[in-house]
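Asker: Here you go, one structure.
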Amino acid sequence: MDDDATGDRVVVVTGAAGGLGRSVAARFAADGCALALVDADADALATTAEVLADRAHGVVTVAADLRLRAGCAAAIGATVERLGRVDVLVNAAGVYPRRPVLDISADDWQFVFQVNVLGTYFMMIEAIADMRVRSRGHIVNVASVDAFTAHPSNAHYAATKAAVVSLTRSLALEVAPLGILVNSVAPGPMATETAKATDWYEPQVADLPTRRPIEPDEVADLVAFLARSGNVSVAGENVIISGGGLIA
């Protein structure tokens, strides 16, 4: 592998049981990385691991509740114990509940923030503790274009993704001097199975200037670009991949 590749490294991917997380894991597996796959769904996680085992340099699965710091600590601890270190962390885990703003309960707010924001934060803090020992590492968080635009029944989700963008910038500022680069990506409507089953997916895609959805593999390629070992300067950035959705 050349120095700009992602291969021969240990990559932790949350939300790896399906959707974008699985596509990200497959992208790094294709580069020969060792993978730590993290998700709350143990059965689906095992399926992902089985599919990727022949391509990755090694695969570890960790079923964890990322709402809890203990779950995030266990995920990073298992990675270090079994694979030796953490070179890259991709926070792709997230929930996307839709509810009219006047119907969002306190429990709804707490749940989506615990998964999308606290889980991202806890995973970063635990990974940074290992990365700083070697004075290098890359973290890529998955935000959303919903951080910058508005859709009905989406207030609590959009607020979490705006928080992820801000959190990315804040942590990047503090840990870049340690050799750890933190960035985020903000996809528009992606062609995941979950998204395609919703009533909002087709109308949102139809409104895009490109008239096509964003494929998870495209986002995975962008994540890999930001996480490549040759990236020594991109820090605290949020890269939008929206099919032109924010210029329409």
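The values are calculated or read from the model by the stated rules, or taken from the named source; none is laboratory data. Nothing here was measured: the structure is a model prediction, and the numbers come from that model. A quick note on method: Cβ atoms are made from the backbone with ideal geometry, for glycine too, and the neighbour counts reach across all protein chains shown.
Asker: For the structure I just gave you, tell me whether Ala78 is closer than 24 Å to Leu178 by Cα, among the small types (Gly, Ala, Ser) and part of a helix (DSSP H, G or I).
Answerer: yes
Asker: Kindly indicate whether Gly236 is in contact with a Lys or Arg (Cβ under 6 Å, 6 or more places away or on another chain), surrounded by fewer than 21 Cβ atoms within 10 Å (Cβ to Cβ) and either modelled with pLDDT of 85 or more or polar (S, T, N, Q) (or both).
Answerer: When the stated conditions are applied, Gly236 passes them.
Asker: Against the definition (crowded, with 17+ Cβ neighbours inside 10 Å, under 13 Å from the mean Cα position of the chain (by Cα) and in a loop (DSSP other than H, G, I, E, B)), how does Ala56 come out, yes or no?
Answerer: Judged against the criteria, Ala56 is not a match.
Asker: Now, a different point. If I go through segment 111-135 residue by residue, how many of them are exposed (fewer than 15 other Cβ atoms within 10 Å of the Cβ) and either touching a residue at least 60 places away in the same chain (Cβ under 8 Å) or over 20 Å from the mean Cα position of the chain (by Cα) (or both)?
Answerer: Adding up the residues that qualify gives 4.
Asker: Could you grab me the full set of residues in segment 199-214 that are surrounded by 13 or more Cβ atoms within 10 Å (Cβ to Cβ) and not charged (D, E, K, R)?
Answerer: Listed by number, the residues that qualify are Trp200, Tyr201, Gln204, Val205, Leu208, Thr210, Pro213, Ile214.
Asker: Still on this structure: Take the conditions within 17 Å of the chain's Cα centre (by Cα), outside any helix (DSSP H, G or I) and basic (Lys, Arg) and apply them to Arg99. Does it pass?
Answerer: Criteria not met by Arg99.
Asker: Do we have Ala163 as in contact with a helix residue (DSSP H, G or I) (Cβ under 8 Å, 6 or more places away or on another chain), under 24 Å from Arg67 (Cα atoms) and surrounded by 18 or more Cβ atoms within 10 Å (Cβ to Cβ) here?
Answerer: Considered against the rule, which asks whether it is in contact with a helix residue (DSSP H, G or I) (Cβ under 8 Å, 6 or more places away or on another chain), under 24 Å from Arg67 (Cα atoms) and surrounded by 18 or more Cβ atoms within 10 Å (Cβ to Cβ), Ala163 comes out as yes.
Asker: If you don't mind, there's one more thing I want to ask. For segment 51-74, check the following and say yes or no: at least one residue is under 12 Å from Ala25 (Cα atoms) and out of contact with any strand residue (DSSP E or B) (no Cβ under 8 Å at 6 or more places or on another chain).
Answerer: yes
Asker: Residue under question is Asp146, and the condition is that it be over 14 Å from the mean Cα position of the chain (by Cα), assigned to a helix (DSSP H, G or I), acidic (Asp, Glu) and modelled with pLDDT under 95; does it hold?
Answerer: Yes, satisfied.
Asker: Right, next: Starting from residues that are of a type in the set (Gly, Ala, Ser) and not in a loop (DSSP other than H, G, I, E, B), keep the ones in segment 187-209 and report whichever is farthest from the chain's Cα centre (by Cα).
Answerer: Ala206
Asker: Just one of Ser170, Ser184, Ser166 is polar (S, T, N, Q), over 19 Å from Arg99 (Cβ atoms), out of contact with any Asp or Glu (no Cβ under 7 Å at 6 or more places or on another chain) and not in a helix (DSSP H, G or I); which is it?
Answerer: Matching residue, one of Ser170, Ser184, Ser166: Ser184.
Asker: Follow-up. If I filter segment 106-129 for residues that are more than 30 Å from Gly243 (Cα to Cα), modelled with pLDDT of 95 or more and touching a strand residue (DSSP E or B) at 6+ places or on another chain (Cβ under 7 Å), do I get at least one hit?
Answerer: yes
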